[in-house]
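Before any comments, here is the structure.
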Amino acid sequence: MAVQKLEHPILDYKKETPSSQVFMEEAKKVMPGGVTANIKYFEPHPVVMKHGKGSKLTDMDNKEYIDLLMSYGSLVTGHGHEQVKNAVIEQMDRDGTWLFGTPHYLEVEMGNRLQKHFPSMELLRYTNSGTEATLLSLRLAAAHTGKHKIAKFEGHYHGGYDQMLVSVNPSVKEAGEEEAPCSLPESKGMHPAHARNTITLPFNNLKACEKILTKHKDEIGAVMIEPVQAGFIPAEKSFMKGLRAITDELGIVLIFDEVKTGYRTCLGGAQKLYDVTPDLTTLGKAVGGGYPVGVVGGKKEIMMHSAPSQGSDVFDSSQSTRSSSKDVLFHSGTYNGHPMILAAGMAVLDILEKEIDDVMKRTETLKNGISEMLQKYGVQGEAVGIGSIFSVVLNKDKIRNYRDLQKTDLATRKEIDFRLLGKGIYVKPMNRYSISTAHSDEDINKTLEAYDEVLREVYGGPRF
Ligand SMILES: Cc1ncc(COP(=O)(O)O)c(C=O)c1O
């Protein structure tokens, strides 16, 4: 269907966000591109926010938005939740400080609660981000198997370091055969060896994966997967079960990167929904409810490689004769298991254990509403995802992987997102949408009303 262009949504957006534009000009004098994380940037300039509460954000021009990004899914209890805030303040008041540099009871209490929801985590470690969690999981897998190559799926993101910054968003023209994708580096400055040592697999294609993994079985120590690609393209059940069986058979550690899906597909993550037990799991985002955290957990025999009682490490200066290849796997960090963050994490779990069903129901209402509306306007597409994160995909057929996604109508999706910004719905153009405990029925209705107006502007009147 021909897209009806009323005004240019990006020009409207520029007119509506003048203070953000001025701010970004100043920011560019301090930071490259004006941002300290490239994900915060989009053209012509990002919206700069100055206040957040519950489901709402307010920008530098005092415009209020319903937040559908929720800081890339981390704010699962919304902005500034009083219970989370008070938990952090109480921890500092109770303990007298916010950092001990020693073991702390919250590490164990939070660990027990995580293990209840993720029984596959026989032992676990905390990190400060999802990136650090996936990085540690790869080292654990290599130490355990003695095999140093890794495999990941085309289109999956696991953090911005060289080993994993491969074929996340590759040009399909350069990415080779769908059944045997090339490994393409995603950043300047990466050592070319990483594209050789990280093998790329096609998502939801078990036969092709089996072929590649079998060929490299003596080199690949770990397969890492986003069980729901980019938070909205689910692995097919038979694919997941098959991948588990193949990795078991070939002696490869299977790592579920549940940084996006943890708490969001359900409290126990995608592994619970799929009823598949990975060897290692990584968590992040929602676990901290907006505070920086990561978790790696899994089989005791793998996790124990990092136990200091197994040997000495680089910080053990009394052991100058240590043998690094035999001694303990190095894992450390000044802020790992930060009490403030674990206190926040405990409060997030308290809230979610009570309210998760409501979040799921509201997300379902929003998803169904958007899908029905697309039908009403005669648009081929739907809202796809599991649990409290989803995306809107404009396509005739179901999408199963990265290459399918590239064939969808991404230009119109971007236009819809810019128009949503104009109507007070905060999204990052082209990103997925996340719902929190703070989103009310009214927020969902308002979002649906905005979607209706946007689709009318983009596609003209309803078809029926
Ligand atoms: C699946 C997945 N793994 C790892 C990461 C990295 O997490 P962080 O941004 O906390 O370092 C992300 C971040 O988006 C992610 O989505």
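The values are calculated or read from the model by the stated rules, or taken from the named source; none is laboratory data. Note that the structure is a prediction, hence the values are computed from the model and not measured. Positions of Cβ are generated from backbone atoms using ideal geometry, with glycine treated the same way; all protein chains shown enter the neighbour counts. Please note that ligands, DNA and RNA were not included when accessible areas were found on the heavy atoms of the full protein model with its side chains. Shrake-Rupley method; radii C 1.70, N 1.55, O 1.52, S 1.80 Å.
Remarks
- Take the Cβ atoms of residue 315 and residue 335, set R0 to 22 Å, and the FRET efficiency comes out at 0.90.
- Segment 248-304 and segment 19-58 have Cα centres lying 32 Å from one another.
- Counting only alpha carbon atoms, the long axis of helix 18-27 and the longest principal axis of the chain meet at about 30°.
- Cα shape, segment 18-114, gyration tensor, a/c 1.5 rule: prolate
- Among 138, 165, the order of accessible area from largest down is 165, 138, computed with a 1.4 Å probe on protein heavy atoms.
- Taking trypsin sites (Lys or Arg not before Pro) in DSSP loop states with no more than 10 other Cβ atoms inside 10 Å as exposed sites, the chain has its longest site-free stretch at 30-172.
- 1.4 Å probe accessible area per residue over segment 304-413, in Å²: 49 Å²
- Rolling a 1.4 Å probe across the protein heavy atoms gives segment 123-207 an accessible surface of 45 Å² per residue.
- Ratio of the Cα radius of gyration of segment 100-337 to 2.2 N^0.38 Å, where N counts its residues: 0.99
- Per the Debye formula on identical point scatterers at the alpha carbon atoms of segment 199-258, with no solvent, log10 I(q)/I(0) at q = 0.12 Å⁻¹ is -0.24.
- The length gained on full extension between residue 307 and residue 442, counted as 0.36 nm times the residue separation minus their Cα-Cα distance, comes to 43.6 nm.
- Computed about its Cα centre, the charge dipole of the chain is approximately 780 debye, with only Lys, Arg, Asp and Glu carrying charge at their Cβ.
- The chain, helix-only ellipticity at 222 nm - DSSP H runs n ≥ 4, -39,500 (n - 2.57), divided by all residues, nearest 500: -12000 deg cm²/dmol
- The simple Förster model, with R0 at 56 Å and r as the Cβ-Cβ distance, assigns residue 37 and residue 94 a FRET efficiency of 0.95.
- Segment 273-378: proportion of alpha-carbon pairs further apart than 19 angstrom, %: 67 percent
- Taking all protein chains together and a 1.4 Å probe, the residues 279, 218 rank 218, 279 from largest to smallest accessible area.
- Acute angle (nearest 10 degrees) that the helix 441-459 long axis makes with the longest principal axis of the chain, alpha-carbon atoms: 60 degrees
- In terms of its C-alpha gyration tensor, segment 72-150 has a prolate overall shape, because the principal axis ratio a/c (a ≥ b ≥ c, square roots of the eigenvalues) is not below 1.5 and a/b outweighs b/c.
- Sequence of 256, 23 from largest to smallest accessible area, 1.4 Å probe: 23, 256
- Whole-angstrom gap from segment 332-365 to segment 73-139, using each part's C-alpha centre: 9 Å
- Cβ-derived FRET efficiency at R0 25 Å, residue 169 paired with residue 463, nearest 0.05: 0.15
- Within the chain, longest stretch free of exposed GluC sites (Glu not before Pro) [DSSP loop, at most 10 other beta carbons within 10 Å]: 178-464
- Overall, the accessible surface of the chain at a probe of 1.4 angstrom is composed of carbon and sulfur to the extent of 52 percent.
- Pairwise centroid distance, computed over Cα atoms, of segment 181-216 with segment 416-448, Å: 35 Å
- Shape category assigned to segment 188-231 from the gyration tensor of Cα positions, a/c cut at 1.5: oblate
- Under 17 Å from residue 147, Cα to Cα: lysines that are on another chain or at least 8 residues apart: 215, 217, 326
- Estimated at 0.36 nm per residue, the fully extended path between residue 53 and residue 187 surpasses their Cα-Cα distance by 44.7 nm.
- The fraction of Cα-Cα pairs per 10 angstrom bin, counted from 0 for the chain, comes to 4, 19, 29, 27, 15, 4, 1, 0 percent, rounded to whole percents.
- Reachable lysines, given that their alpha-carbon falls under 22 Å from the alpha-carbon of residue 116 and they are not under 8 places away in the same chain: 260, 272, 285, 299, 300, 354
- Across segment 163-249, the fraction of Cα-Cα pairs farther apart than 22 Å, rounded to a whole number, is 26%.
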